[in-house]
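Here the structure comes first, spelled out in structure tokens, and everything after it is commentary.
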Amino acid sequence: MPKHFMRSIMLIITYTVLLVLALIKFDVILDLLGLVLSSCKPLFLGFGIAFVLNRPCAFFCRHYERNLGEKYRKLGRPLAVLTAYVVLIAIIVALFSFVLPQVVDSIQLFAASVSGYMANLQTLINKVAGYLDLSALDLSSLSSYLRSFLEKVLSSVSVAASQVMVVTGSIISMFVTLVLAVVFSIYMLAGRERLLDQGRRLLRAYLPAKHVPWVSGVIRLTAEVFTNFVSGQLIEACILGGLCTLGTLFIQPDYAALIGVIIGVSALIPVAGAYIGAILSAFLLVMVSPVRALIFLVFLSILQQIEGNVIYPRVVGTSIGLPGIWVLTAVTVGGSLFGLLGVLLSVPVASVLYALLKQDVARRLEKQKPAPQETKTEE
């Protein structure tokens with residue numbers, strides 16, 4: 001019996017046994033896979049940080065290499081990584097130094113004015129009920145309900161405080177994970193060229209030669225789409241949050257910083273973020289004055305139209321290239337399948353698939369074109 005035939009039989013038997021074992025112990029395999037992914041969390045988080053800082057790092061690296069000269073050219077990459085992290089830390093410190101105190105003041109003001117907001121809400125409901133010829137609805141029990149709810153929250157906090165060791169362990173674990181992620185991201189940014197070269201060598205070593213260009217193109221397209229998406233969302237969030245803060249100063253200055261942060265953070269969520277931020281902000285203002293809440297919603301609608309149709313296309317352009325209907329479809333499907341992570345990642349993933357589908361359709365249509373007929377010359 002030929003050796004290659006015996007080898008094929010042994011491979012089939014081995015694969016069959018492994019498949020049966022995988023089906024029988026499927027839950028064990030899932031638990032093991034979850035454990036492996038959990039242990040790789042610092043690596044994934046570090047990759048995310050490096051991915052976000054890759055474009056600023058490349059920008060600084062080009063300038064350093066251009067100005068340092070040939071003698072110190074090798075220092076361009078380390079200096080670029082250091083500069084990117086310094087800029088990131090400076091932005092975070094500035095955010096916490098200037099925005100966080102105002103947000104805390106706004107939250108304290110809101111907590112101190114809850115009783116007044118309840119009275120305003122009671123008056124509004126009584127007016128609406130009187131206009132509709134309904135009996136006035138009493139919200140006097142709502143304050144006692146809120147008081148009991150706060151007491152329950154405080155008791156829960158006191159119970160949680162008794163478990164100091166558990167909370168401390170979680171904080172230490174989060175801190176260690178963050179430190180490891182930063183270390184991984186530094187290695188990835190500093191050794192970017194080497195990692196890319198190793199990836200290309202792996203593709204050429206383990207893939208057929210005819211598939212290497214296609215896989216490399218897909219990887220480049222994915223990196224470009226995700227980079228443009230992250231940059232666009234961050235720029236959009238900063239611009240929209242800043243403009244909303246300036247506009248809210250004329251409507252309700254006490255809540256300007258808080259509402260600006262809410263609108264800016266919610267803008268990071270595609271499609272649904274605008275509605276979430278508008279609802280939360282309007283809820284804060286309707287307690288003070290329903291008229292101001294209405295004015296804010298009108299202002300926010302105009303601002304979002306200007307930002308979406310004028311600012312965002314000029315700053316980011318149409319680099320993602322996904323039509324609006326498919327954006328909504330991607331967010332809906334991604335959110336229903338994978339929750340918040342699906343909402344955040346569905347748009348760039350759908351953009352990559354849409355671009356690949358367009359390329360494949362164009363390639364197939366190009367093949368179906370009839371060959372140009374050669375004109376016969378008369379002799």
Sort out for me the Cα centre separation of the range 323-343 from the range 221-288, rounded to whole Å. 19
If a/c stays under 1.5 just call it rounded; otherwise compare a/b with b/c (prolate if a/b is bigger, oblate if not). Do that for the range 161-303, with a ≥ b ≥ c from the square roots of the Cα gyration tensor eigenvalues. oblate
Summed residue charge, Cβ within 13 Å of L300's Cβ, Lys/Arg positive, Asp/Glu negative: 0
At L19 and I171, where each label point lies 7 Å from the Cα along Cα→Cβ, what is the point-to-point distance in nanometres? 5.3
How large is ³J(HN,Hα) for each residue in the range 23-38, as worked out from phi by the Karplus curve 6.51 cos²θ - 1.76 cosθ + 1.60 (θ = phi - 60°), to whole Hz, x for Gly and Pro? 6, 6, 9, 5, 5, 5, 5, 5, 5, 5, 5, x, 5, 5, 5, 5
If packing is taken as the average count of other Cβ atoms within 10 Å, what order do 293-302, 240-249, 214-223, 75-84 fall into, highest mean first? 240-249, 75-84, 293-302, 214-223
Can you order the peptides 346-354, 331-339, 88-96 by their average number of other Cβ atoms within 10 Å per residue, highest first? 346-354, 331-339, 88-96
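Every number here is computed from the coordinates shown, using simple stated rules; none is lab data. None of the values given here were measured: they were computed from a predicted structure. No Cβ is skipped: glycine too gets one built from the backbone with ideal geometry, and neighbour counts run over all protein chains shown.
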